[in-house]
1. Could you tell me which numbered condition residue 354 fails, if it satisfies all but one of (1) without any contact (Cβ under 8 Å) to a residue 24 or more places away in the chain; (2) farther than 22 Å from residue 271 by Cα?
2. Given (1) farther than 18 Å from residue 376 by Cβ; (2) free of Cβ contacts under 8 Å to residues at least 12 places away in the same chain, identify the lone condition not met by residue 246.
3. Consider residue 85 carefully, then state whether it is within 28 Å of residue 444 (Cβ to Cβ), of a type in the set (Phe, Trp, Tyr), out of contact with any Phe, Trp or Tyr (no Cβ under 8 Å at 6 or more places or on another chain) and surrounded by 15 or more Cβ atoms within 10 Å (Cβ to Cβ).
4. Which helices (runs of 4 or more DSSP H) does segment 160-278 wholly contain that include 2 or more residues that are under 30 Å from residue 77 (Cα atoms)?
5. What tally of residues in segment 572-625 results from selecting those that are among the hydroxyl-bearing types (Ser, Thr, Tyr) and part of a helix (DSSP H, G or I)?
6. Kindly evaluate residue 399 against the criterion of being modelled with pLDDT under 95, of a type in the set (Gly, Ala, Ser) and either within 20 Å of the chain's Cα centre (by Cα) or buried (at least 19 other Cβ atoms within 10 Å of the Cβ) (or both).
7. Search segment 40-82 for residues being β-branched (Val, Ile, Thr) and more than 21 Å from residue 162 (Cα to Cα), and hand back the single one that is surrounded by the fewest Cβ atoms within 10 Å (Cβ to Cβ).
8. Among the residues of segment 72-94 satisfying the criterion of being part of a loop (DSSP other than H, G, I, E, B) and out of contact with any helix residue (DSSP H, G or I) (no Cβ under 9 Å at 6 or more places or on another chain), which is modelled with the lowest pLDDT?
Amino acid sequence: MWDKLAVFILKFRFLLIAIIAVLTFFIAQYSVKVQLSVDRAKILPSSHKEYIDNENFQKKYGENHVIAIAISDPEFYSVERFNFWNSICNKIDSIDGVNNIFSVNRLSKLEKNTEEKRFDISSWFPKNISSQIFLDSLLDVLSKQIFYSGIVNYNYPLILIDLDEDIVRSKNRDELVFSAKELVETYAERYGVKIHYSGMPYMRSVNSVILQSEISLFIFLTLFITSFILYLFFRSFKAMLISLIVVLLGVIWSFGFVEIFNYNITLLTALVPPVLIVIGIPNCIFLINKFHNEYRKNGNKEKSLRVMISKIGNITLLTNITTATGFAAFLLTSSQSLQEFGLIASINILVIYLLSLFLIPIFFSFFPPPRKNHTKHLDRKWVLAMVGYLLFLVKHRRSVIYRFTVIILLISIYGLTKMNFTGNLSDDFNKKGELYKDLKFFEDNYGGVLPLEILVNTNKKNGLFKSYNLKKIDELSYLLTSYPEFSQPSSYLDFIKYTKQVYYNNDTSYYNLPNNQEQIFLTNYITNTNSNIDMRNMLIDSLNQEARISLRIKDISANKMDEIMLDLKPKIAAIFDSDKYEVIITGTTKVLLTGAKFLLQNLFISLFLVIVLISFFMAWIFSSSKMVLISLVPNIIPLLVTGAIMGLFGIPLKPSTILVFSIAFGISVDDTIHYLAKYRQELLDTNGSIKKSVYSALKETGVSMLYTSIVLFFGFFIFIASDFGGTVALGLLVSITLLVAMLSNLLLLPALLLTFEKSLVNSSKKIK
C-alpha cells in the first residue's frame with residue numbers, strides 16, 4: 001500500500017500541487033474572516049445549575065458590564081480638576097454604548113417635598129462650580145450620605161461606567177472600552193496622576209488585545225526558532241524553506257477551520273497555530289532525515305523519495321494519530337471550550353501530516369539531489385557521540401538507569417503530594433502587568449471588583465414589603481460584611497434606608513430600616529417621585545417578591561470560594577427557612593470559578609481517556625499487552641516528573657497547567673512509536689533477535705529523536721514570552737515534560753525491552 005502511495009504521489013505531483021493550492025485558496029477565504037471571541041469562554045454546559053442560575057439572573061437584571069476607574073489624585077476635589085473631570089464625563093456619556101456613569105460629580109440628590117408628598121430629584125453638583133468654598137460645602141453635606149459612601153472616596157475617587165450589553169457582546173466592545181479609557185487618560189496626562197482600571201469588560205478587552213498580538217508574535221517566534229534550528233540541522237535552505245511552507249499552509253488551514261466550524265479565536269484555540277508548527281516540524285525532520293539517509297545509501301533520488309514515503313510515511317501516520325488522539329480526547333469532555341480546542345487541533349494535526357507527506361517528496365522531486373554538505377548532519381559528531389553514550393548506558397548500565405528511575409519516582413511521589421489547585425480568575429494575568437496590579441489595587445481599597453450576586457426570593461407577591469422580610473435581608477447583608485473577601489453589599493434596602501434618612505432631614509441616625517408605619521408613607525413618597533430614581537427594576541423583580549444583593553469579591557481561588565460557600569450557606573439557611581424562601585448565589589465570578597473546577601475535572605477525564613485510547617492503539621499496533629505496558633511506562637514517568645515540579649516549585653494545578661499532561665503525553669508517545677516501529681522492522685531483519693533490534697533501533701532513531709526533541713523543546717519554550725500566566729506555564733512545563741520523555745524513551749524504553757527479553761520472544765514471533 002505505502003509503495004503504491006509513494007508511486008502515486010511522485011507520478012501525479014502536479015495534480016496534487018494543484019489540488020492543495022485550490023483547497024488552500026478556498027480555506028484562506030475563511031481564515032481571513034476569523035474573529036477573536038468577545039464573550040466569556042463557554043466552559044460550563046448549558047445544563048449546569050450554575051449556568052442556568054446565572055442565565056436566569058441576567059434575563060431579569062442584566063449582566064454587570066461595568067468599567068471601574070479609580071483616580072489617585074488627592075487634589076481631585078479642587079474646583080479646576082473637578083470641573084475638568086465633569087467635562088470628561090460628558091464626553092464619555094456621548095459615546096455610543098455607554099448607558100450611564102456613576103461618579104461623584106454626577107450623583108443625584110433626594111429632597112423631601114412635604115407639600116407634594118414626594119421626593120424631588122436634582123443633581124448634587126451643578127455643571128460648573130464657581131468656587132472652592134461652594135464645592136467644599138456640597139461635599140460636606142454629601143459626606144453625611146451613607147448611601148453614597150462607596151462612591152465618595154477622598155483618596156481614590158471611584159467612577160463606574162455602565163456599558164450597553166449588546167455592544168459589549170459585539171466586536172465593537174474593545175473600541176468602546178478604549179475610547180472611554182482614552183478620554184479618562186486626558187485627566188491623567190493633564191495633572192500627572194495615576195489612574196487604575198478594572199471590571200469585567202475592561203479586563204476582557206485588554207486580554208483580547210494581548211491575545212491578538214500574541215497570536216502573531218508566537219507564529220513569528222515559532223517560525224523563526226524552528227527555521228533556525230532546521231538550518232543548523234540540515235545546512236540547507238531548501239530543506240528549511242520546504243518545511244516552513246508546509247507548516248505555514250497548516251497555519252492557514254487551522255484559522256480556516258476555526259471559521260468553517262463557526263468558532264472564534266479564544267485563549268485555547270489561539271495556541272493551535274504555533275503548536276501545529278512545533279508538531280509539524282518533526283514530521284518534516286523525520287521525512288527529510290530518511291530521504292538524506294537513503295540517498296546516501298543508493299544515490300538514486302527517486303528511489304530514496306519512494307523509500308522515504310513508504311518507510312516513514314506509515315510511522316509518522318501512527319505518531320500523528322496518537323498526537324491527534326491526545327487532543328481529540330477533549331471532544332469527550334462536557335466543556336465547549338475544550339471541545340472546540342480538541343476538534344480544531346486534532347483535525348489540523350492530521351492535515352499538517354498529509355501536507356508534509358505530499359509536499360516534501362514533491363518539492364524534493366523538482367530539486368537536484370542533495371549535496372554532500374546536506375547529508376553531513378547524519379554524521380554530526382556530537383549527535384553520534386550522544387547516541388553512542390545512550391547506547392553504552394543501555395548495554396552496560398541498565399541497573400543505573402533503573403536506580404535513577406526509582407529515585408525520580410520517589411521524588412515525584414513526594415512532589416505530587418505538594419500540588420495545589422487555584423482556579424483564580426487572574427491566573428492567566430501577567431503578575432507584573434498593570435491589569436493585575438490594578439485588580440489588587442481595587443481589592444485593597446474597595447474590597448474587590450469582581451461581581452457576585454445573591455437573590456432572595458420570598459415566593460410571595462409583594463413579599464419584599466413585609467417588615468420581617470426586610471429585616472431578614474438586612475440580617476443577611478450584615479452577615480456578608482463579616483467576610484473579608486466581600487465588599488460592602490448593596491441592595492434595595494440601601495435605597496429604602498436612604499429615603500428614610502432624607503425624610504428625616506438627612507439625619508444619619510435615621511439611616512436604617514423603616515418600621516411598618518414609616519414604610520407606608522415612604523412607599524407613597526417613592527411612588528410619587530420621578531421614576532428615574534426608582535431603582536426597583538435594577539434591585540427587585542416586577543412582582544416585588546425577589547431582592548438582589550450585589551457584592552464585589554476579591555480575586556480568590558475556586559477552593560476558597562467553596563470554603564466560603566460551605567460556611568455561608570448554613571448561616572443563610574438559619575435566616576431563611578428553605579421551605580418558605582429561596583436563596584441563590586450566582587454571578588459571573590461564581591460561574592467562572594465553578595467553570596475552572598469543572599474544566600479541571602474534565603481535563604483529568606481527558607487525560608485518562610488519552611492514556612486509555614493510546615493504550616488500545618498501541619495494543620492494536622503491536623498485538624501485545626506486554627508491549628503496551630512497556631511503552632506506557634516511559635511516557636507516564638515524564639508526567640509524574642512534571643507534577644512533582646509543579647508541587648515542589650509552587651506551580652498551582654489549574655486548567656492551563658493540567659492541559660500540559662494531555663498535550664505532552666500525546667506528543668511524547670510519538671517517540672515511543674518511532675522507536676518501537678523501527679524495533680519491529682529490525683526484528684524481521686535479525687530473525688527475532690531482540691538485543692540486536694534494540695541496539696539498531698536506538699542507533700537509527702536516536703538521531704531523529706534528538707533533533708525533533710530540540711525543536712519541540714524550543715518550540716514550546718517560546719511560550720514563556722506570553723503575557724498570560726497559563727500560556728507561560730504551558731510552554732515551560734510541556735518543554736520540560738517532552739525533554740524528560742525523550743530521555744525516558746531513549747534510555748528506559750530500550751532497557752525495559754532488554755530486561756523483559758525472554759517474555760517478549762513470543763511477541764516477536766507474532767510480529768514475524
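The values are calculated or read from the model by the stated rules, or taken from the named source; none is laboratory data. Remember, it's a predicted structure, so these values are computed and weren't measured experimentally. Counting neighbours? That spans all protein chains shown, and the Cβs are built from the backbone with ideal geometry, glycine included.
1. (2)
2. Condition not satisfied by residue 246: (2).
3. In short, no.
4. Answer list for segment 160-278: 173-191, 200-234.
5. 6
6. For residue 399, the condition - modelled with pLDDT under 95, of a type in the set (Gly, Ala, Ser) and either within 20 Å of the chain's Cα centre (by Cα) or buried (at least 19 other Cβ atoms within 10 Å of the Cβ) (or both) - is not met.
7. 52
8. 74
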